[in-house]
Amino acid sequence: MIEIIKTLTETYGPSGNEARIRKVIKGFVGKLADEIKVDALGNLIALRKGKGGGKKVMLAAHMDEIGIIVNHIDEKGFLRFSKVGGVSPRTLLGNRVEFENGVIGVIGAEKMEDKEKTPPLDKLFIDVGAEDKEHCPVKIGDIGVFTRPLVVQGERLIAKAFDDRIGCAILIQVMQELDEVPHDLYFVFTVQEEIGLRGAVTSTYGIAPQVAVAIDVTRTGDTPEAPKMAVSLGKGPAIKVKDARMLSHPGVREALIKAAVQAGVPYQLEVLEGGTTDAAAMQLSREGIPAGVVSIPCRYVHTPSEMVDFNDVKNAVKLLKSFLTSPLDW
Ligand code: CO
Ligand code: ZN
């Protein structure tokens, strides 16, 4: 699984520009699906047919990642940019971004009066080492992403884009390990989650599932002076109760808890103050769909160095397998 995680996290794929990561995921799931398709927005939908008597279940992990988009190039070839998704200027200075054509840029800042202050986005620029505007290998509208290799340090993993390539890796692993179940399972690798859950809107409408579960990262309360939150790294996957945009369906939530207990997997209950997942859009699709979330505790979300615990990842796979083998009645 580590090899899959490495490939997924190191692949380029910002919101709206997911062609490359989609191709990589398709390579992993193509042989494991009965049907596979890509919808108009770019969502990758892999269907595993059930043996009958079950429900239509949608499992979603978003394949897009946050990034920056070039909106101006000056005469000297320095780029100005705005953000694609939740990018904080605090994470940018001195960091490197990679464009789809492989060009690497360094983020620099203008001189500021107050040297202690974080430079705001409009004081930052990207230097791709161009001689001038004419020789700049990047153009307006190109999107860059953080670039970092996966680090495996004991059970802790560090990478960019664990949000939500770790969810994609978990879905791939579930597809590999799961025997036939009664339910029709739609494994959906969604696009444009980071800019407003857009891929989840269209894919859920198209599939019209009876049960929907998103797999995504959540924040933790276990770092120095962290906001109070009862989620820690390594204490099990988190089952969402509430986030900024949804309350999980009580039936789905309880079924996920039961699945964890049955699988002998530790779990945590998640109440997240800021942020949300594809499940918020899935839940409000059509006439409403019972939805829940399995969250992977993750430190430093939306920075180039996100950290998860591999045990939580493996336990999320077990939890989902247990959930999908249960009748899903409430
Ligand atoms: Co995110
Ligand atoms: Zn996410």
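Taking trypsin sites (Lys or Arg not before Pro) across segment 238-330, the ones in a DSSP loop with at most 11 further Cβ atoms lying within 10 angstrom of their Cβ are 286. Lys-Lys pairs in segment 1-97 that are eight or more residues apart or on separate chains and whose Cα atoms lie under 22 Å of each other come to 15.
For residue 139 and residue 228, calculate 0.36 nm times their separation in residues minus their Cα-Cα distance, and state this gained length in nm to one decimal. Display every interim value, and only then the final one.
Working: separation 89, 0.36 × 89 = 32.04 nm, distance 4.27 nm.
The span from residue 139 to residue 228 would gain 27.8 nm if fully extended.
Select from segment 1-92 those GluC sites (Glu not before Pro) which occupy a DSSP coil region and have at most 15 other Cβ atoms within 10 Å, ordered by residue number. Could the numbers behind the result be given before it?
On the way: sites: 3, 10, 18, 35, 65, 75; in loops: 18, 75.
Counting only loop positions with at most 15 other Cβ atoms within 10 Å, the GluC sites (Glu not before Pro) in segment 1-92 are 75.
When +1 charges are put on Lys and Arg Cβ atoms and -1 charges on Asp and Glu Cβ atoms, the dipole computed for segment 1-49 relative to its Cα centre reaches about 120 debye.
Under a Cβ-Cβ cut-off of 13 Å, what is the net charge of the residues other than residue 27 that fall near it, where Lys and Arg count +1 and Asp and Glu count -1? Working shown, then result.
Values: positive: 20, 22, 23, 26, 31; negative: 3.
For residues surrounding residue 27, the net value is +4.
In this simple spin-label model, placing a label point 7 Å from the Cα along the Cα-to-Cβ direction at both residue 36 and residue 106 gives a separation of 4.0 nm.
Over all other residues within a Cβ to Cβ distance under 11 Å of residue 247, the charged ones net out to +3, with Lys and Arg as +1 and Asp and Glu as -1.
Could you tell me the calculated FRET efficiency between residue 241 and residue 286, based on Cβ-Cβ distance and R0 = 22 angstrom, to the nearest 0.05?
Details: r = 24 Å, r/R0 = 1.08.
Result of the calculation: an efficiency of 0.40.
Here each label is just a point 7 Å from Cα along the line to Cβ, and for residue 71 and residue 26 those points are 3.2 nm apart.
Give the relative contact order (percent, whole number) for segment 67-146; include only Cα pairs under 8 Å separated by 6+ residues. Write down the numbers at each step before the final one.
Working: 160 pairs, mean separation 34.8, N = 80.
It comes to 43 percent, rounded to a whole number.
Once the other residues with Cβ under 9 Å from the Cβ of residue 180 are scored (Lys, Arg +1; Asp, Glu -1), what is the net sum? Walk me through the intermediate numbers first.
Values: positive: 48, 49, 51; negative: 179.
Summing Lys and Arg as +1 and Asp and Glu as -1 gives +2.
Starting from segment 240-330, pick out the GluC sites (Glu not before Pro) whose DSSP state is loop and whose Cβ has at most 10 other Cβ atoms within 10 Å. Counting only loop positions with at most 10 other Cβ atoms within 10 Å, the GluC sites (Glu not before Pro) in segment 240-330 are 287. With the simple model of a label 7 Å out from the Cα in the direction of the Cβ, residue 113 to residue 314 spans 5.6 nm.
A short reminder: the numbers here are calculations on the coordinates, not readings from a lab. Computed from a predicted structure; not experimentally measured. Positions of Cβ are generated from backbone atoms using ideal geometry, with glycine treated the same way; all protein chains shown enter the neighbour counts.
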